[in-house]
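Asker: Got a structure for you, questions after.
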Ligand code: PMP
């Protein structure tokens, strides 16, 4: 591995244990004074295609694209490395008001995949891109509506980021605990999940999608439509439990936004750039958004880049206006001036096109769903299988009738068993907070039939062992 010796790597592990503060991690497991109970932090050393190798040289197939739905084109892409290398040697950074060659060319390419959208604003993370969207909405409210139409609606179970304002739009209370107070002006609307509609008072058997969208209208009417500037939604809810929308939902959401002059902000941080088998998740549902944000798959993690994309109508509201000298988007992101991001993103998009990865995503996504449905015949613990493209979840329950969520430790045991056997999968939340009972799968868009079968075979073996 990379010319590093076992010795070098044990130093790396020690350095990591001593000094790195890992995301989402309880560190006592790495620091237990009882050495027999101490766990080493996992270091991923190398990757190629769908596979990664850890500090012990152990090979894993990565069914979660870098853990968090990111490495859409797989690891070890030389053409992206070359594009970034060439670009940063020529011009790595110039921030503020100026543009760059890859910035312009990637924006042109991106817009060619997003009919109806015209403007790309660069930032670095999903949270940041969402905050740009929120600021655009707020500024429009000030400019056009005397500050009144400033509220931003977000949905229960959706997630939009880790900064305080993006957490203020966070529908997963368990993630927000202990970080308040939050930013005012964010208002929650009910979630929409066919599988668990029985938990929502009044949810009908038929036409649930339209009913769920109408719940949003009720919130708008309660708040006053003249106070609501935008509705921010994930096209398929990711961390909240891989929640796919029911029929009729999006059509009605779009109608409601139009009726009350509310901007529709679609958070494509996970779904964007191929994950669902379309360039963007919203394109599966015929939605016409006003603002679209994206991050993870934009450059597949080869560089940090996120984008907030708008229609020309939104952009137009920030044009020169002598009555308002403050009427331009007074926002900056220092590293929005890094050229590595758009250089990597442009090459990433070319790879998806040249290798026809959207088509592959649809075929392999169907295979993964079919494999998991076949497992559900064998394992009553699988209550629901849902997905769009290579974005798939399998919700575990203790009882199919009551849909009681599987306790987290047992779900964790399935994940750990797969991990131990060289298949990295994840688990995420369901519609009731704090229960990570949905196994989640988001392999790179290059996955082959053999890869998919290897992943679901490991899940089958793990379920067999855990629920024997
Ligand atoms: N939106 C969604 C839907 C996400 O899943 C995430 C990250 N998991 C974010 C926004 C925030 O992105 P980041 O972590 O890059 O800030």
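Asker: Kindly provide the set of residues from region 295-317 that are more than 16 Å from the ligand (Cβ to nearest atom) and surrounded by 18 or more Cβ atoms within 10 Å (Cβ to Cβ), ordered by number.
Answerer: 310, 311, 314
Asker: On to the next question. Out of all the residues in region 188-195, is one or more within 16 Å of the ligand (Cβ to nearest atom), under 20 Å from residue 396 (Cα atoms) and part of a helix (DSSP H, G or I)?
Answerer: No.
Asker: Take the residues in region 251-268 that are in a helix (DSSP H, G or I) and surrounded by fewer than 22 Cβ atoms within 10 Å (Cβ to Cβ), then tell me which one is farthest from the ligand (Cβ to nearest atom). Write out each step before concluding.
Answerer: Just the residues of region 251-268 that are in a helix (DSSP H, G or I), to begin with: 251-259.
Next, only the ones that are surrounded by fewer than 22 Cβ atoms within 10 Å (Cβ to Cβ) stay: 251-252, 254-256, 258-259.
Values: 251: 22, 252: 22, 254: 19, 255: 24, 256: 21, 258: 24, 259: 26 Å.
Across region 251-268, the extreme among qualifying residues is 259.
Asker: Among the residues of region 91-124, how many are in a loop (DSSP other than H, G, I, E, B) and more than 15 Å from residue 294 (Cα to Cα)? I'd like the intermediate steps shown before the answer.
Answerer: Going residue by residue through region 91-124, those that are in a loop (DSSP other than H, G, I, E, B) are 91-92, 94-100, 113-118, 124.
Still in the list and also more than 15 Å from residue 294 (Cα to Cα): 91-92, 94-100, 115-116.
Qualifying residue count, region 91-124: 11.
Asker: I would also like to ask the following. Is there any pair linking a residue in region 295-307 that is more than 14 Å from residue 333 (Cβ to Cβ) to one that is near the ligand (Cβ under 10 Å from one of its atoms) and part of a helix (DSSP H, G or I), with Cβ under 6 Å and at least six apart or on different chains, and which?
Answerer: Cβ pairs passing all conditions: 296/69.
Asker: Can you give me the number of residues within region 43-81 that are surrounded by fewer than 16 Cβ atoms within 10 Å (Cβ to Cβ), without any contact (Cβ under 8 Å) to a residue 24 or more places away in the chain and either in contact with a strand residue (DSSP E or B) (Cβ under 7 Å, 6 or more places away or on another chain) or under 30 Å from residue 359 (Cβ atoms) (or both)?
Answerer: The total comes to 2.
Asker: Consider residue 29 against the criteria (1) under 24 Å from the mean Cα position of the chain (by Cα); (2) outside the structural domain of residue 439 (by TED's automatic domain parsing); (3) under 25 Å from residue 438 (Cα atoms): it satisfies all of them except one. Which criterion is unmet?
Answerer: Unmet for residue 29, out of (1) under 24 Å from the mean Cα position of the chain (by Cα); (2) outside the structural domain of residue 439 (by TED's automatic domain parsing); (3) under 25 Å from residue 438 (Cα atoms): (1).
Asker: Now for a separate question. Under 8 Å between Cβ atoms, which residue pairs at least 6 apart in sequence (or on different chains) link something in region 127-143 that is under 12 Å from residue 267 (Cα atoms) with a partner that is assigned to a helix (DSSP H, G or I) and within 16 Å of the ligand (Cβ to nearest atom)?
Answerer: These pairs meet every condition: 127/166; 130/166; 131/165; 131/166; 134/165; 134/166.
Asker: If we keep just the residues of region 437-455 that are out of contact with any strand residue (DSSP E or B) (no Cβ under 8 Å at 6 or more places or on another chain) and surrounded by fewer than 22 Cβ atoms within 10 Å (Cβ to Cβ), which is farthest from residue 356 (Cα to Cα)?
Answerer: Looking at residues that are out of contact with any strand residue (DSSP E or B) (no Cβ under 8 Å at 6 or more places or on another chain) and surrounded by fewer than 22 Cβ atoms within 10 Å (Cβ to Cβ), I get 453.
Asker: Would you confirm whether or not region 109-119 contains a residue that is within 16 Å of the ligand (Cβ to nearest atom) and closer than 22 Å to residue 315 by Cβ?
Answerer: no
Asker: Please list, ordered by residue number, the strands (runs of 3 or more DSSP E) wholly in region 365-468 having 3 or more residues that are over 30 Å from residue 76 (Cβ atoms).
Answerer: Counting at least 3 such residues, we get 382-387, 392-399.
Asker: Going by what's in this entry, would residue 100 be described as at pLDDT 95 or above, touching a strand residue (DSSP E or B) at 6+ places or on another chain (Cβ under 9 Å) and assigned by TED's automatic domain parsing to the domain that holds residue 263?
Answerer: For residue 100, the condition - at pLDDT 95 or above, touching a strand residue (DSSP E or B) at 6+ places or on another chain (Cβ under 9 Å) and assigned by TED's automatic domain parsing to the domain that holds residue 263 - is met.
Asker: Scan region 142-165 and tell me whether some residue there is within 15 Å of the ligand (Cβ to nearest atom), at pLDDT 95 or above, part of a helix (DSSP H, G or I) and assigned by TED's automatic domain parsing to the domain that holds residue 321.
Answerer: yes
The values are calculated or read from the model by the stated rules, or taken from the named source; none is laboratory data. Keep in mind that what you see is a predicted model, and the values were worked out from it rather than measured. Cβ coordinates were reconstructed from backbone atoms using ideal geometry, including for glycine residues, and neighbour counts include every protein chain displayed.
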